[in-house]
1. Just in the range 55-162: which GluC sites (Glu not before Pro) are loop by DSSP and have at most 16 other Cβ atoms within 10 Å?
2. Whole number please: convex hull volume per residue of the Cα set in the range 546-703, in Å³?
3. Report the antiparallel proportion of the DSSP beta bridges in the chain as a percent, rounded to a multiple of 5.
4. For the range 516-603, what's the relative contact order in percent, using C-alpha pairs closer than 8 Å and at least 6 residues apart?
5. What is the spread of the Cα atoms of the range 315-494 along each of their three principal axes, largest first, in whole Å?
6. Could you pull the Rg and Dmax for the range 376-454, using just the Cα atoms, both in Å?
7. Pull out a ≥ b ≥ c, the square roots of the eigenvalues of the alpha-carbon gyration tensor of the range 80-211, then state rounded if a/c is under 1.5, prolate if not and a/b is larger than b/c, and oblate in the remaining case.
8. For the chain, treating each Cα as an identical point scatterer without solvent, what Debye log10 I(q)/I(0) comes out at q = 0.05, 0.07 1/Å?
Amino acid sequence: MANGQTLEAAQGGADRINSVTTYACIESVAVITIDSPPVNALSGDVRRGLLAGFRRAHEDPTAQAVVLACAGRTFIAGADIREFDAPDTDAPGLHAVLDAIEACPKPTVAAIHGTALGGGLETALCCHFRVALPEAKLGLPEVALGLLPGAGGTQRLPRIVGAEAALEMMALGKPVTATKGQAMGLVDALIEGDLLAGAIAFAQDAARSGTAAVRVRDRTGGLALPHDAHVFDEFRRANARAFRGYEAPENIVRAVEAAVTLPFADGMKREAELFAELFASRQSAALRYLFFAERQTARVPDLPAATPIRPIATVGVIGAGTMGSGIAMNFLNAGLPVTLVEREEPALERGLAAIRRNYEVSQAKGKLTAQALEERMALLRPSLDMADLAQADLVIEAVFERMDLKQEIFARLDQVARPGAILATNTSFLDVDAIAAATCRPADVIGLHFFSPANVMRLLEVVRGGATAPDVIATAMSLARTIRKVPVLSRVCDGFIANRMMTPRMNAAQALILEGPMPWEVDRALVDYGFAMGPFAMLDLVGLDVIGWDAATSNSSSITQVLCEIGRWGQKREGGFYDYDAARRATPSPVTEGVVRDFQSRSGHQARTFVPQAIVERLLFPVVNEGARILEEGIALRASDIDVALVMGYGWPPFTGGPMFWADGIGLQRIVDALEAMGETPSELLRRLAREGGALSTCTGQA
Ligand code: 3H9
């Protein structure tokens, strides 16, 4: 229980206001407690309970002050996002509830533990005071849902913390700890130990002091902090890159501008207008969809809830290259010992040095203490002998993508690993069943496909082979949470979900430049769509030589081959599709242009101009089609898993919701028609949904 003994006692002797709210009067302090798992979101019932609770506290002659507290793991974590699409219209609106809280003439205190987020913090801002456990977090993260704090947060927060700090918290969605919040004036007292007892004592003091408590709306301290009109432009400029493509940050900046220039009531009206714009936007619908999609991926319909989880206390990683060392770091970060195995001493040394260097960078940024760095390194056991993996509960192989090599390793693992150990491969496209066949225990074999850099990227593709045991799948899905990854379950196919989905984009890009657009025009269209870089810039980064080029067999039959033949291998050679200066800034290359023009004239295409929208459709509609095939084949469990995989693994712009959600917004019939016009065959699923007016993003895998 996160919120102490006094809370339990208070609840024990309390009156029940409704199914999620209790009321007690303890030592002259009214205690209203919300208990609505999992996160005390402001559902209709919670709003009903709050309104009734504060009314009763107002009228209760024995109550001199009021404390608002929450049971369970957290204070109110925000508006109930599920209700956004299905509002409880019988319940009082949030604004009416907050007005009632703010109008309470007795001193009101929010007692915060866990996270006070969004509408939760906005509720606390309608109390006169906020007290909190030191480790509690306070934030207004609505921007991540494509929204702004629409319950007065944009107007009240700057009145306490000032415009600049409020912009940081709201437009960047950065929460603060209660300790920092106290320094900013947002938290009035930190309580060590029993939060409710501390909050009650604080409320009694406030009541005793006799001075009228000041409402946040009437406070001006924050607004008096130095700022001028430039603060807003400077903030926009400094964050232009992070805000690119997103609508909510600009509306938040405008709302804070209103807070510093308009009286409170007018600022609230402005906030409501700006909120309404965002609430109706496709972007917010997309980001809300992704919020739930991300939380759904770990649910596997054919795994009974009672499927046991194998305990994982020690991990082995084979291969200390970039992938292997990145993978190892995930487990070290979670406090699990890792045995890292390489064949040769120098490679092992390089891997260890890379891990240490990574931690040192985190330390230099203040994200890791020197002690934590050493603790993590101490969990790492380097080895040159696979026999040292005998005690590992999980072994992950991360060597070159060669089937013979992987099979050899798995055959050896089969001999050394203890019975019941999970044997995982980090392959990004090879057949997991063929790898499993090298062992006598294919039920224990699974794919764990990390994305590079493996210690940073949040996606983990979990690949179930034909023979993988249910408890091995369940363990992998649960382990993902331990190492703070989002697992997406895939069946075996070439490239699994994420890599397979993006192959048509690359093929379409290569084909398109034969018809007129230059690589940089193609890249520009995709960057404007929202990707961080286009496919050709990506090829230059990865290296043209490592994507299947072989000097011995190269015969000038493609643009990539010719570029490789003339030594244009990408950024590492200071030139690929683009030219690069010493600072690795890319400019269109006249050499590449010549090669492309040559291929264009030989291809028989009449070179023509494509508007950016046409380029986007040429490259991304085939991706949507591939997604529909992946569902038809039952490779993915659900369309939303595909969206999560692409957003988290390939930087697909989150504000589109991912390819499946985006496709629904475009219209499936239009996509079918366009695919046919391109000479592509639309999948049966896509055709059927287009015919029936169905949605792709709510589909489940079908095989
Ligand atoms: C808002 O407040 C708008 C206002 O300005 C008012 C405008 C008028 N609603 O993440 P977890 C569910 S917008 C409904 O796995 P954790 C979640 O789906 C809101 N449900 O746990 C999951 O359900 P399930 C602003 C919610 O410990 C379960 O709770 N607030 C909500 O890793 C556990 O969630 C936010 O944006 C919600 N608001 O993290 C905060 N929140 O088990 C969003 C969670 O069925 N929430 N659920 O899958 C979070 O950041 C994290 O959930 C939190 C807990 C940090 C609270």
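1. Glu135
2. Details: hull volume 25.4 nm³, N = 158.
In the range 546-703, the Cα convex hull volume per residue is 161 Å³.
3. Expressed as a percentage, antiparallel bridges in the chain total about 35.
4. Values: 94 pairs, mean separation 20.7, N = 88.
Over the range 516-603, the number comes to 24 percent.
5. If we take the Cα atoms of the range 315-494, the spans are 45, 33, 27 Å.
6. Computed over the Cα atoms of the range 376-454, radius of gyration and Dmax are 12.4, 36 Å.
7. oblate
8. -0.30, -0.58
The values are calculated or read from the model by the stated rules, or taken from the named source; none is laboratory data. The model shown is predicted, which means the values in this text are computed figures rather than measured ones. Please note: Cβ atoms are built from the backbone with ideal geometry, for glycine as well, and neighbour counts cover all protein chains shown. What goes into the accessible areas is simple: the full protein's heavy atoms, side chains included, and nothing from ligands, DNA or RNA. Shrake-Rupley method; radii C 1.70, N 1.55, O 1.52, S 1.80 Å.
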